[in-house]
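Asker: Structure incoming, see below.
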């Protein structure tokens, strides 16, 4: 009987507290949204399952939890804390990205840059609320709506905040269909949403080959700290465009990025143990993340309207909302909003140009923020 009682006291049923139950509920909601609503299932399903897994109570000291040395989850989490997984994801993204849309209309690159204003506004807000500079920088990057970039920068500056920042970044990416449409409707008129974009010109192979090399040199010389992200990104792209290493490019955009995404999502989710994750700082991060993402969306929209003051050929302001880095979610949402206003107005390819620019922009911002904190 004593052995039975000892066993029962060491089960998760006896060790659980309200924080574990609450976080398991959050994980179940994420899994539900991924399966039933199909909100970014590639992200939310592994993260949601990881949240459930990470909040199963266990007896401390047996090397089970993600924060216990020599546990399996701890070793898998190493790819998050060192920034390995984000770099691998960027390699795969580069091998999937087609810059033809951006090269055919380079001024759309400005919308990707404008959308990064949410990052710097949130940086100032976080500093005003008392966060340390390294923590404020990690929180601010949520405004780029780029999960891997957020994780990479946080791993370098504020590793203790990886859980809440990663969950916030991926949550807002998944909730794009809920967050962005009201902002797009509020800041644009019906006539603006009906603006048609000109047909894209054909981009030569030579241009597509030159761009990743020139882009890497320009961006990495500007922000050398972005090399771990943009280096693999542009390398993946030149593999794709060269046509001579198709097997490598195919592996990068399928097996490699899928493997990194699985372990990234699962371990980030598992890192949200209730006793570590649930605190007032996490709530503040979530609120600031929502502000950052909303301002980033609004900045892109408003800058597109500002550009139209000087352009003969007007830009559909909706494209500004695709300037955030959430590929391809925000581009798809811009396209859907355009179709709701005019069923014959196709904006997807133009939105993807802004989207790809946003990926580069958020990585540069991460490099700049990391440089500031190194210098400090």
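The values are calculated or read from the model by the stated rules, or taken from the named source; none is laboratory data. For clarity, every value in this text was computed on a predicted model and none was experimentally measured. Methodologically, a virtual Cβ is constructed for each residue, glycine included, from the backbone with ideal geometry; neighbour enumeration extends over all protein chains shown.
Asker: Suppose we filter 321, 292, 331 for residues that are under 24 Å from residue 89 (Cα atoms) and either part of a loop (DSSP other than H, G, I, E, B) or modelled with pLDDT under 90 (or both); which single one remains?
Answerer: Working: 321 fails: either part of a loop (DSSP other than H, G, I, E, B) or modelled with pLDDT under 90 (or both); 331 fails: either part of a loop (DSSP other than H, G, I, E, B) or modelled with pLDDT under 90 (or both).
Answer to the check: 292.
Asker: Hey, another quick one. Would you check which residues across segment 163-205 are farther than 17 Å from residue 318 by Cβ, touching a helix residue (DSSP H, G or I) at 6+ places or on another chain (Cβ under 8 Å) and surrounded by fewer than 22 Cβ atoms within 10 Å (Cβ to Cβ) and list them?
Answerer: Matches in segment 163-205: 201, 202, 203, 205.
Asker: Another question, then. At least 1 residues that are within 18 Å of residue 163 (Cβ to Cβ) and without any contact (Cβ under 8 Å) to a residue 24 or more places away in the chain in each: list the helices (runs of 4 or more DSSP H) lying fully within segment 1-94 that qualify.
Answerer: Working: elements: 2-9, 12-15, 18-35, 41-54, 72-81.
In segment 1-94, the matching helices (runs of 4 or more DSSP H) lie at 18-35, 72-81.
Asker: Just for helices (runs of 4 or more DSSP H) wholly inside segment 142-205: which have at least 3 residues that are on the phi < 0 side of the Ramachandran plot, under 24 Å from the mean Cα position of the chain (by Cα) and at pLDDT 90 or above? First the steps, then the outcome.
Answerer: Values: elements: 147-157, 162-174, 176-187, 190-193.
Where helices (runs of 4 or more DSSP H) fall fully within segment 142-205 and carry at least 3 residues being on the phi < 0 side of the Ramachandran plot, under 24 Å from the mean Cα position of the chain (by Cα) and at pLDDT 90 or above, they are 147-157, 176-187.
Asker: From the list 30, 90, 58, which residue is under 22 Å from the mean Cα position of the chain (by Cα) and under 27 Å from residue 280 (Cβ atoms)?
Answerer: Working: 90 fails: under 27 Å from residue 280 (Cβ atoms); 58 fails: under 22 Å from the mean Cα position of the chain (by Cα).
Result of the check over 30, 90, 58: 30.
Asker: Here is a list: 340, 305. Which entry is part of a helix (DSSP H, G or I), touching a residue at least 12 places away in the same chain (Cβ under 8 Å) and surrounded by fewer than 18 Cβ atoms within 10 Å (Cβ to Cβ)?
Answerer: Going through 340, 305 in turn, just one is part of a helix (DSSP H, G or I), touching a residue at least 12 places away in the same chain (Cβ under 8 Å) and surrounded by fewer than 18 Cβ atoms within 10 Å (Cβ to Cβ): 305.
Asker: Among (1) surrounded by 20 or more Cβ atoms within 10 Å (Cβ to Cβ); (2) in a loop (DSSP other than H, G, I, E, B), which single condition is residue 240 missing?
Answerer: Only one criterion is unmet by residue 240, namely (2).
Asker: Residue check: is residue 115 within 20 Å of residue 176 (Cα to Cα) and crowded, with 19+ Cβ neighbours inside 10 Å?
Answerer: Details: within 20 Å of residue 176 (Cα to Cα): yes; crowded, with 19+ Cβ neighbours inside 10 Å: yes.
Judged against the criteria, residue 115 is a match.
Asker: Can you say whether residue 272 is in a loop (DSSP other than H, G, I, E, B), at pLDDT below 95 and under 30 Å from residue 163 (Cβ atoms), as far as the supplied structure shows?
Answerer: On the way: in a loop (DSSP other than H, G, I, E, B): yes; at pLDDT below 95: yes; under 30 Å from residue 163 (Cβ atoms): yes.
Taking the combined requirement at face value, the residue satisfies it.
Asker: State all residues of segment 95-132 that are assigned to a helix (DSSP H, G or I) and under 15 Å from residue 285 (Cβ atoms); if no residue qualifies, say none. Before the answer, list the steps.
Answerer: Step one: list which residues in segment 95-132 are assigned to a helix (DSSP H, G or I), which gives 95-96, 100-104, 106-114, 117-128.
Hits for segment 95-132 are 118, 119, 122, 123, 125, 126, 127, 128.
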